[in-house]
Amino acid sequence: MLKAILFLTRLYFRLFNRIEVKGLERIPLSGPLIIVANHLSYADPPALLSYLLPVRSFSVMAKKELFKIRPLSALLSKWGVIPVDRYREGGGLGALRAAMDALKAGKCLVLFPEGTRARGRQLEPKAGVALLAHKTGAPVLAVRIFNTENFLKLGKITIKFGSIKNFTPAAGAERKEAYAEFSKSIMSEIFAITEN
């Protein structure tokens with residue numbers, strides 16, 4: 001069912017938003033991987049995931065509030081979506097454990113480090129991506145999404161994959177500081193990606 005829904009989602013974005021996706025070849029086809037993206041609108045996850053699925057399967061971290069919507073909650077659980085408490089550090093222990101289990105099993109994990117839609121604001125990234133990269137050794141692939149805030153106005157959407165980065169803290173660095181620094185550097189990687 002997920003494949004069918006995401007196929008229809010791809011079709012929608014192609015027809016109405018002339019979506020263009022660049023750099024899919026940069027996605028490793030196997031092994032643990034964390035994909036991180038900026039967050040502009042509700043259209044970001046379906047747009048990104050609909051193009052990721054044909055390349056490789058994934059788990060995705062999503063706000064736990066989505067699990068209060070029925071029948072969506074049943075589908076999210078079936079699809080392996082990991083509920084995140086955005087108001088707890090690290091998203092909550094259960095979310096971190098589930099994310100680490102997915103990565104240790106060699107899966108691809110998708111998350112949005114800003115933790116919510118930015119709506120033009122500069123947001124501090126959550127440190128969870130650094131913690132996960134450190135604990136599992138998974139590389140991090142940055143993705144930038146352009147113009148999804150205008151998807152209802154039928155504006156063109158672009159998704160562009162950047163480069164892979166590994167968590168390598170400086171010698172003697174405090175763990176908390178190293179996590180914060182890596183998370184900021186990941187956001188810088190995302191916003192360094194240009195549309196053309």
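Among the residues in region 71-80, are any under 22 Å from Thr158 (Cα atoms), of a type outside the set (Gly, Ala, Ser) and either touching a residue at least 40 places away in the same chain (Cβ under 8 Å) or in contact with a Pro (Cβ under 6 Å, 6 or more places away or on another chain) (or both)?
No, region 71-80 contains no residue that is under 22 Å from Thr158 (Cα atoms), of a type outside the set (Gly, Ala, Ser) and either touching a residue at least 40 places away in the same chain (Cβ under 8 Å) or in contact with a Pro (Cβ under 6 Å, 6 or more places away or on another chain) (or both).
If you check Glu65 against the conditions, is it more than 24 Å from Asp101 (Cβ to Cβ), free of Cβ contacts under 8 Å to residues at least 12 places away in the same chain and either in contact with an Asp or Glu (Cβ under 7 Å, 6 or more places away or on another chain) or among the acidic types (Asp, Glu) (or both)?
So Glu65 does not fit the description; no.
Which numbered condition trips up Arg86, out of (1) under 18 Å from Pro28 (Cα atoms); (2) touching a residue at least 24 places away in the same chain (Cβ under 8 Å)?
All conditions pass for Arg86, except number (1).
Among the candidates Ser50, Ser77, Ser41, which residue alone is among the small types (Gly, Ala, Ser), more than 24 Å from Phe167 (Cα to Cα) and at pLDDT below 85?
Unique residue meeting the criteria: Ser77.
Taking region 31-57 as the region of interest, how many residues are out of contact with any strand residue (DSSP E or B) (no Cβ under 6 Å at 6 or more places or on another chain) and aromatic (Phe, Trp, Tyr)?
1
Hey, can you tell me all the residues within region 129-158 that are polar (S, T, N, Q), farther than 30 Å from Glu177 by Cα and assigned to a helix (DSSP H, G or I)?
If the condition is that a residue be polar (S, T, N, Q), farther than 30 Å from Glu177 by Cα and assigned to a helix (DSSP H, G or I), then Thr148, Asn150 are the ones that fit.
Give me the pairs: first residue in region 184-196 and farther than 11 Å from Gly162 by Cβ, second residue hydroxyl-bearing (Ser, Thr, Tyr) and at pLDDT 95 or above, beta-carbon distance under 6 Å, and six or more apart or on different chains, which are they?
From region 184-196, the pairs are Glu195/Thr158.
Every residue, every condition in (1) under 18 Å from the mean Cα position of the chain (by Cα); (2) more than 21 Å from Leu76 (Cβ to Cβ), yes or no:
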{"site": "Phe7", "(1), (2)": "no, no"}
{"site": "Lys22", "(1), (2)": "yes, yes"}
{"site": "Arg26", "(1), (2)": "yes, yes"}
{"site": "Pro32", "(1), (2)": "yes, yes"}
{"site": "Val36", "(1), (2)": "yes, no"}
{"site": "Leu49", "(1), (2)": "yes, no"}
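Just the residues that are among the hydrophobic types (A, V, I, L, M, F, W, C) and touching a residue at least 60 places away in the same chain (Cβ under 8 Å), please, taken from region 36-54.
Scanning region 36-54 gives Val36, Ala37, Leu40, Ala43, Ala47, Leu48, Leu49.
Could you say which residue among Pro169, Pro113 is in contact with a strand residue (DSSP E or B) (Cβ under 6 Å, 6 or more places away or on another chain), surrounded by 13 or more Cβ atoms within 10 Å (Cβ to Cβ) and at pLDDT below 90?
Of Pro169, Pro113, the one residue that is in contact with a strand residue (DSSP E or B) (Cβ under 6 Å, 6 or more places away or on another chain), surrounded by 13 or more Cβ atoms within 10 Å (Cβ to Cβ) and at pLDDT below 90 is Pro113.
The values are calculated or read from the model by the stated rules, or taken from the named source; none is laboratory data. On a predicted model such as this, the values are computed, not experimentally measured, just so you know. Here Cβ is always computed from backbone atoms with ideal geometry, including for glycine, and neighbour counts include all displayed protein chains.
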